[in-house]
1. Which whole-Hz ³J(HN,Hα) couplings does the range 87-100 yield from phi under the Karplus relation 6.51 cos²θ - 1.76 cosθ + 1.60, θ = phi - 60°, glycine and proline marked x?
2. Sort 659-671, 443-455 for me by packing, meaning the mean count of neighbouring Cβ atoms within 10 Å per residue, highest on top.
3. Could you sort Arg425, Arg142, Arg354 by their accessible area in this structure, using a 1.4 Å probe and putting the largest first?
4. Just reorder Arg608, Arg617, Arg573 by solvent-accessible area, largest first, 1.4 Å probe, all chains present.
5. Provide the net charge surrounding Ala48, with neighbours chosen by a C-beta distance below 14 Å and charges set as Lys +1, Arg +1, Asp -1, Glu -1.
6. Relative contact order for the chain: what percent, with Cα pairs under 8 Å and sequence separation of 6 or more?
7. Taking the 0 to 90 degree range and rounding to the nearest ten, how far is the long axis of helix 593-606 tilted relative to the main principal axis of the chain, both from C-alpha atoms?
8. Output the relative contact order of the range 338-422, whole-number percent, from Cα pairs under 8 angstrom with separation of 6+ residues.
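The values are calculated or read from the model by the stated rules, or taken from the named source; none is laboratory data. Computed from a predicted structure; not experimentally measured. Ideal geometry is used to build each Cβ from the backbone, glycine not excepted, and the neighbour counts take in all protein chains shown. Heads up: the accessible areas ignore ligands, DNA and RNA and are worked out on the full protein's heavy atoms, side chains in. Shrake-Rupley method; radii C 1.70, N 1.55, O 1.52, S 1.80 Å.
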Amino acid sequence: MTPTDGSGRRLDDLLRREWLITNHLGGYASSTVPSLNTRKYHGLLVAAMTPPVHRMVLLSRVEEVVHCDGWPTPLACNEYPGAIHPNGNEVLRAFAHEPFPRWAYQGEGWSIEKSLQLIDGANAVVLTYTLLGKKPVDLEVRPLLALRSMHELTYQWNARLEAEEKSPGHHRIPPTARTPEVFFAHDGDEFDGKIGEEGATGSAAWYFNTIYRCEQERGYAGLEDLWSPGVIKWLKLAPGESVHFVCSADPIDLEKAVAAVEMQAAQIENAAQIATPLPARDTDHDLLLRAARAFTIEQSPEQIEKSAIAMITKLPWSPPSVRDALIAMPGILLVTGKFAEAKAMLLGLAARVRNGLVPTEFAEDASEPEQFSGADTSLWFVNAIWQYLRYTGDEQTVAKKLLDVAMQIVRTYHYGANPGISADRQGLLECCSPGRGFTWMDAKVGEWVVTPRAGRPVELNALWHNAVKICATLCEHVGQTSRARELNLLGDTIAVAFNQKFWNEREQCCFDVVTEHFSDPAIRPNQLLAISLPFAVLNLDRHAAAIEVVRRELLTPFGPRTLSPREHSYCGRYGGDVVSRDRAYHQGCVHPWLLGQFITAHLRVSGRGEAARNEARKLLDACLSHMRGDGLGQLCELFDGDGPHRPGGAIASAPAVGELLRCYVEDILDRSPAKAQATAGTPAALNLAMTPPPNAVTKR
């Protein structure tokens, strides 16, 4: 465990360290090290009511009090207007986030360890308290419930809430018109759920004015009322004894819940001891694998195909983003061998293609997707098909169920059947609807598009060329030679036009956006995709120069900035209200997922010798150090462009973790899909010798 206040860490420092675990159903638990919730998204049980979405904060937090020799000591920590109360951080001595969150508290003559585990595949949380001291104590635990959507806040209302006892130690909170049904169980000696009558105070009560400081700092409402069903008491808890509290969205048996988390803990311990698929134990690889697992949805392939969601892409608050999922898929699903899940996700997305586009994101309320605004998302989908084939060799699925969809996307883009997205006479893609975010740089405040990129964005055309070449290769492989010839001709035409239009001879890198009358010389990392994708569109003799410009102008220890500091619109700090944050989001912030693309591009230039790969490995040091330190096992969405590069955005990002894991295995360890599968004992993937491998480029 990591020492906390005992070694002088200030409360504010601890509040910046946020832990997160998931139940692989879409739900999660998350808070800060001292268990003081600073976001409305924090909670000990945030359940996916319609897995993997429709997430609701059920159990917000708990307040525990230890009674020793008649003296009460609170373990919990919370913020109210003008006060931190209770102040359990003062007796918090250590915290560990792996293999699951654990806290060590110590008072006069007693020590208690608390652990929190989610049950995999269930909307249930188990809290365990183990007395480590030498004398018996009494323990009280008070659950505090929010019972609302994770994007909303709860305020006291007049509906009567009361916990019903179903059997000793098992209770049910009935649903209301605005709140779901909730269950909790415990092995305590007493439960006091008395409701005060006619102004009297009972154990079941509302707790008013919890402050979420991060929400207020971000310009949002950050004050909430929480309801407590009562107090659970354990009397004369003996040294070495463990007791439990369980909260669930479904009826739950205490003994089975405790047995389930004990089995999970044993499986985690055993997994750490078994032979790794790598030749030797690799702690960096292990770290990335553990982080990747947090995003996955462990449902049947049929369920995943039905929802088309195989991962939660940014935790804790973002709805599932299709673009992010497709970027993350090689690392999160393919490198980790989750081939059935990857297949189900691709098939589910293929079934949802509308007017030649896959959805941009899925709604949190589980309704059918209505956003099809991303011009690049469908091209990432075609790239994901290629990556799936590389890893699995599943020619039948690709040929019979995915190739036609990929061809539909290419035809739609080529002939301009989708409003606002079309190919010009030279074959380049252009986006021509003002006021709309077509690319991943889509931050918008009201009608203000923060990063306007109407015209021909560089990464969109890199993805376009890549998609056309992928379709050509697949058509040739299945015997559609005439169609393959047409697509190869189109791909070559795109490449010629791209290198004519996008090369900035003065800066020796790519323009970011090209229009009929203007070429944007702003130096951004989007041009990396012209080098790093399986079918690179930028001429080989220009790779080294472009990589050097990106390194010089953009690279930080955590990845490339989204804009060079030389630009007048550069903003190196991410913070403040939504306008201030969105102004910086793509105008200087560092998005770590781009570091994977940079490393892939860098090794294409420098070669894949051991020295080059060791140099590339060092580029991951800062991100891996963050994950081991304040990131508590996860990699956040972004960092400030300016030093000291403070973390920001979502606590955990699937594109960031997925891209680092992909480039670590494929590029730094130089383990091709076929090698990885052979080591893992799975069938070798299709030999794609008829195409340039992902680390080679055809010279033009």
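1. 10, x, 4, 6, 10, 6, 10, 7, 9, 9, 9, 10, x, 7
2. On the way: 659-671: 24.1, 443-455: 16.4.
Peptide ranking by packing, descending: 659-671, 443-455.
3. Working: Arg425 240, Arg142 35, Arg354 115 Å².
Result, largest first: Arg425, Arg354, Arg142.
4. On the way: Arg608 50, Arg617 75, Arg573 105 Å².
Ranked from most to least accessible, the order is Arg573, Arg617, Arg608.
5. Values: positive: Arg55; negative: Asp120, Asp250, Glu298, Glu364, Asp365.
That works out to -4.
6. Values: 1535 pairs, mean separation 76.5, N = 700.
It comes to 11 percent, rounded to a whole number.
7. 40 degrees
8. Working: 77 pairs, mean separation 26.1, N = 85.
The normalised contact order for the range 338-422 reaches 31 percent.
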